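Take a look at the structure set out below.
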Amino acid sequence: MYSYYNENTILYLNGEYLKATEAKTDLYGQSLHYGYAVFEGIRAYKTEKGEIRIFKAREHFDRLRRSCELIHIPYKFDNEALISAAYKVLELNNLEEAYIRPLVFCPPNMTLKAASEAHILICAWEWGAYLGEQLLRVMTSSFQRPNPNAFRIESKSAGLYVNSIMASQEAKQNGYDEALLLDMRGYVAEGPGANLFYEKHGKLYTPPPGHILPGITRATVIELCHELGIPLEEKLFTLEELRQAESVFYCGTAAEVIGWESLDGQSFSKPWAESLGKVLQQAYKARVLEREFKRKVA
Ligand code: PMP
């Protein structure tokens, strides 16, 4: 069990650094009642040189801004100042490798009008590998990802995560580690909190943007594929195609790169240790730690 804060924890709220136990919010807010809020999930690492670095800080805070814009939450914050605040939160809490959670939320308002102002919170805590280190036993969820015509699905909005909670909980109740969600058309979409890649005949495939949250880790994996000469294609594919994959992995800031053992009880043909996913798992780790990575040629 992780505890997210204690009596010494300091957080950042609207320009101030406060004790988590003393910071207050309003119980009449639109965010609490309607899920009308936006958040980010970011990781800080201690690099090979011993420096604390927030990985892709700019990309995450830019997405925070975009997420707000997409659902009309005013974003009057300066992202450079927020990045400095995130570093300060790490420092004040003596955190090195940590998970950072910015949250933009709205003040009291019980109407369904768009917010006219917003608050920002940045907190951080130590968080190990979100989906563990073991290969995942994944279950195809009975829940689909939301219809992009019903929601701004590319916005990392709080309300959207009820869908993720339902899917993840269903998988766990059925004895699996994690869920896989299809989109409303029946194509493979993503996990409750991660994007997916599969390997077949020396090439990787991943769903294109449109019905998924286009993750920052996904973008990093694509970048690494280009650098390492791993062929990659973004395309729509069905569950039947995924079942024929040689290996599969999830990736996300919290989960990093994590391989699958099986889908609905059926394992994949390639041992994880020999998969392209494993190469990318190591390359990703090297990237976040600012360590050089050379791909071993088999
Ligand atoms: N899809 C969903 C639904 C997510 O919640 C996340 C986690 N933010 C991801 C994908 C992966 O995104 P990222 O790599 O930016 O963390």
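FYI, it's all coordinate maths here, none of it is from the lab. This is a predicted model, so every value here is computed, not measured. Note that we place each Cβ from the backbone using ideal geometry, even for glycine, and neighbour counts take in every protein chain shown.
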>> Which residue is surrounded by the most Cβ atoms within 10 Å (Cβ to Cβ), if the candidates are limited to region 234-290 and must be hydroxyl-bearing (S, T, Y) and closer than 11 Å to Y198 by Cα?
In response: Y250
> Tell me, which residue of region 186-240 that is closer than 20 Å to E292 by Cα and among the hydroxyl-bearing types (S, T, Y) is nearest to the ligand (Cβ to nearest atom)?
Replying inline: T217
> Restricting to helices (runs of 4 or more DSSP H) lying wholly in region 182-294: which have 1 or more residues that are among the β-branched types (V, I, T)?
Replying inline: 216-228, 276-288
> Within region 115-165, can you find the residues that are over 28 Å from E96 (Cβ atoms), among the aromatic types (F, W, Y) and in a loop (DSSP other than H, G, I, E, B)?
Replying inline: F151
>> Cβ contacts < 8 Å: first residue on the phi < 0 side of the Ramachandran plot and hydrophobic (A, V, I, L, M, F, W, C), restricted to region 2-13; second residue assigned to a loop (DSSP other than H, G, I, E, B) and surrounded by 18 or more Cβ atoms within 10 Å (Cβ to Cβ), any location; separation 6+ or different chain. Result?
In response: I10/A20; I10/N93; L11/A20; L11/A23; L13/A23
> In region 153-207, what residues are closer than 20 Å to A245 by Cβ, under 19 Å from the mean Cα position of the chain (by Cα) and among the charged types (D, E, K, R)?
Replying inline: D177, E178, D183, E190
>> If a residue must be within 16 Å of the ligand (Cβ to nearest atom), in contact (Cβ under 8 Å) with a residue 40 or more places away in the chain and small (G, A, S), how many such residues does region 23-80 contain?
In response: 5
